[in-house]
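Trainee: Just passing along the structure, written as structure tokens.
The values are calculated or read from the model by the stated rules, or taken from the named source; none is laboratory data. Predicted model only: the values in this text are computed from it and were never measured. With ideal geometry, Cβ positions are generated from the backbone for all residues, glycine too; neighbour counts draw on all protein chains shown.
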Amino acid sequence: MVYISPEKLKELKKELEKRKMVLRQKIAKRIQEAQAEGDITENAEYAEAKESQAFNEGRILELESLINNAVLVSKKRKKTDVVTIGSQVIVKDSRGKNFEFTIVGSEDSNPIEGKISNESPLGQAFLNSKKGEEIEVQTPRGKTKYKIINVK
């Protein structure tokens with residue numbers, strides 16, 4: 001199961017379509033042109049084109065798997081004090097500093113924007129916690145305590 005936003009799912013489908021319909025043909029043409037040059041055993045263009053083909057086909061398989069196993073996460077959630085995927089969580093750390101995080105699937109994560117993956121240590125620690133609870137999580141700076149101030 002892959003938790004994903006509708007926007008990200010649309011983006012993945014667009015990438016899949018491009019890889020299947022555009023990149024496959026471009027790579028096939030490169031391979032054909034490289035083969036026309038003669039001996040392919042020492043042909044760098046041919047080797048590079050085959051490598052590109054393998055990468056593209058691997059990414060197509062990965063995208064198909066992501067899309068087929070996607071569980072859409074809606075921004076419209078039932079009002080609850082329990083942290084779930086899609087929740088916006090306002091927390092205060094042990095130093096008294098406030099942070100706002102949105103719990104998202106791994107494909108949507110972007111820590112700079114405050115979007116943390118449900119699979120990350122911090123995301124896992126917040127999941128199923130309730131407003132008012134304190135949690136402790138191991139971070140790169142050591143153990144940090146967070147108090148959940150609000151869940152939206």
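Trainee: Considering each residue of segment 102-115, count those that are of a type outside the set (D, E, K, R) and farther than 18 Å from Ser74 by Cβ, and give that number. Talk me through it step by step, then tell me what you get.
Mentor: Residues of segment 102-115 that are of a type outside the set (D, E, K, R), as a first pass: 102-106, 109-112, 114.
Filter once more, so that each one left must be farther than 18 Å from Ser74 by Cβ: 110-112, 114.
Of the residues in that region, 4 qualify.
Trainee: Any residue in segment 140-147 that is of a type in the set (Phe, Trp, Tyr) and surrounded by 15 or more Cβ atoms within 10 Å (Cβ to Cβ)?
Mentor: Of segment 140-147, the ones of a type in the set (Phe, Trp, Tyr) are 146.
Subsequent filtering for residues that are surrounded by 15 or more Cβ atoms within 10 Å (Cβ to Cβ) retains 146.
Within segment 140-147 (the criterion being of a type in the set (Phe, Trp, Tyr) and surrounded by 15 or more Cβ atoms within 10 Å (Cβ to Cβ)), the answer is yes, since at least one residue qualifies.
Trainee: Next question, about the same structure. Do we find a residue being more than 18 Å from Asn150 (Cα to Cα) and among the polar types (S, T, N, Q) anywhere in segment 84-101?
Mentor: So in segment 84-101, the residues more than 18 Å from Asn150 (Cα to Cα) come out as none.
The answer is no, given that none of the residues of segment 84-101 is more than 18 Å from Asn150 (Cα to Cα) and among the polar types (S, T, N, Q).
Trainee: Return a yes/no flag: does segment 98-119 have any residue that is closer than 29 Å to Leu12 by Cα, in a helix (DSSP H, G or I), among the aliphatic types (A, V, I, L, M) and without any contact (Cβ under 8 Å) to a residue 12 or more places away in the chain.
Mentor: The answer is yes; a qualifying residue exists.
Results for (1) part of a helix (DSSP H, G or I); (2) among the acidic types (Asp, Glu); (3) in the same structural domain as Ser117 (by TED's automatic domain parsing), shown as yes or no for each residue.
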residue: Lys10; (1), (2), (3): yes, no, no
residue: Glu15; (1), (2), (3): yes, yes, no
residue: Arg19; (1), (2), (3): yes, no, no
residue: Leu23; (1), (2), (3): yes, no, no
residue: Ile27; (1), (2), (3): yes, no, no
residue: Ile40; (1), (2), (3): no, no, no
residue: Gln53; (1), (2), (3): yes, no, no
residue: Gly58; (1), (2), (3): yes, no, no
residue: Glu62; (1), (2), (3): yes, yes, no
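Trainee: Identify, by number, the condition in (1) outside any loop (DSSP other than H, G, I, E, B); (2) within 30 Å of Lys20 (Cβ to Cβ); (3) touching a residue at least 40 places away in the same chain (Cβ under 8 Å) that Lys92 doesn't meet.
Mentor: Unmet for Lys92, out of (1) outside any loop (DSSP other than H, G, I, E, B); (2) within 30 Å of Lys20 (Cβ to Cβ); (3) touching a residue at least 40 places away in the same chain (Cβ under 8 Å): (2).
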